[in-house]
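So the structure is just underneath, and the comments pick up after that.
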Amino acid sequence: MKISVQTDNVMMLKEVIKHCDEVRFGSEFCEFKVPSIETLEEACTLTKCAGKNFTYITPRVSNLGLKKIREHLCFLNEDENISVVANDYGVLNILGQYSNLKPRLGRQLIYIPARCPWKDFTPYELGFMGKRRISRIFYQTSLNCVQTISFFKGLRVEGVDVDHIPQSFQSFYSLVRSGLNLSVHLNLIPVAVTRKCHTARFLGEKSLETCSRPCDKRAFLLKHDELGVQLVLQGNVIFRLANPSRKQINELCKNGIDDFVITMGPATKIKSQNDIESFIQDL
C-alpha cells in the first residue's frame, strides 16, 4: 500500500515528507493558490532530497492561470519522473507538449454522481427505471465508457484520481482492467466547486487576486438536518467527509488499487506528522 500526502503548503510538506511514500504538491481547486515558481522549485528540491516521487497538482484555471501553469510545466519537464494532475482540459491539452511529464486526470475532470449527498430516491421518483438501474448509473464514473477512455489515453493519460465511495468500487475496478492506474482520495469528497470563493466572500476578502488565503487556517462545518450528512466548506469547495475502513482498503488493494491520497489542511484537521500517523493507524 502506498500513501501519498497532498498539500499546497511548503511548511506542511516539510513536516510530513519523511512519513509518506509520495508527495503531491499544488492547488487542486483554486487557481489563486497556484504556487509561485520559486515555491514549486523548493517543493521539488525537498521531495528529491527525501528520495520521494513528486506529483504536481493543478486546478481549473483562466487564461492567466494557464500561462502560469505553462511556466511550471516547462520547469518540471526537465525531470523524467514527474506526474501532473490536470483538472482543466486546457492544462491537459498543453501537457502534450511536454514529453517527460506524465498526465493524470484530476477529480474535476471525472464525473461521479454519487459525490452528491442527495442519494435517497423514493419509489415514485424512480418510476419505471427501477432502483437497481438508477444505482448502477449513480455510482459509476464518466470514464466507464470505452470511447472516453480511448480519448484520454490518446492524450497520454495513464492515471486517474477518484474518491473513496465504496458503492463505486466496482466501477473503479473496471477502470483498472482497462489499464488505468487509480489513486483514491481517502478523506475528502468534493460535493460542489464554485468559481467565486464562498470563504473569501464570508470573511470579507476584497479581491481574489490579493486574497489572504484564510482557507489555509479555517474550514466551516455546514449542517443540514434533512440530509443527515456533514458538509465542510473550505475555500471554494464544499466537501463531505469520507470514513474509510480497513476492510475497504484491503478490498481495493486486492483489486489492483493500492495508491491512497491523504489531503492535509483545516477541513481534514491533518496538519502534522502525528496527524498523518494517527490517520494511517486508524485505517
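Here are some notes:
- Extension gain, Asp216-Glu277: 0.36 nm per intervening residue step, less the Cα-Cα distance, totals 19.9 nm.
- A straight line joining the Cα centroids of the stretch 141-165 and the stretch 167-243 runs 21 Å.
- Charge context of Cys30, other residues only, Cβ under 15 angstrom, K/R +1, D/E -1: +3
- Computed extension gain for Leu64 through Met1, at 0.36 nm per residue and net of the alpha carbon distance, reaches 18.9 nm.
- Cβ-derived FRET efficiency at R0 30 Å, Ser245 paired with Tyr111, nearest 0.05: 0.75
- Cβ crowding within 10 Å averaged over residues, with 59-68, 156-165, 207-216 ranked highest first: 156-165, 59-68, 207-216
- Nitroxide proxy distance, nm - points 7 Å out along Cα→Cβ at Asn255 and Ala192: 3.0
- Spin-label model, Glu158 to Arg177: label points 7 Å out along the Cα-to-beta-carbon direction sit 2.3 nm apart.
- Normalised size of the chain, defined as Cα radius of gyration per 2.2 N^0.38 Å with N residues, equals 0.99.
- Equivalent-ellipsoid semi-axes of the stretch 157-283, from the Cα gyration tensor, Å, largest first: 29, 17, 15
- Remark: for residue pairs Lys223/Lys247; Lys18/Lys68; Lys18/Lys254; Lys33/Lys102; Lys18/Lys48, the C-alpha separation exceeds 18 Å in Lys223/Lys247; Lys18/Lys68; Lys18/Lys254; Lys33/Lys102.
- Alpha-carbon Debye profile of the stretch 183-238, log10 I(q)/I(0) at 0.19, 0.24, 0.25, 0.28 Å⁻¹: -0.73, -1.00, -1.05, -1.18
- Virtual spin-label span in nm between Gln170 and Glu209, 7 Å along Cα→Cβ: 5.1
- The length gained by stretching the chain between Arg136 and Thr148 to full extension, at 0.36 nm per residue less their Cα-Cα distance, is 2.5 nm.
Where a number appears in this text, it was derived from the coordinates with a stated rule and is not lab data. Given the structure is predicted, the values throughout are model-derived calculations rather than measurements. As a convention, Cβ positions derive from the backbone with ideal geometry for all residues, glycine included, and neighbour counts pool all protein chains shown.
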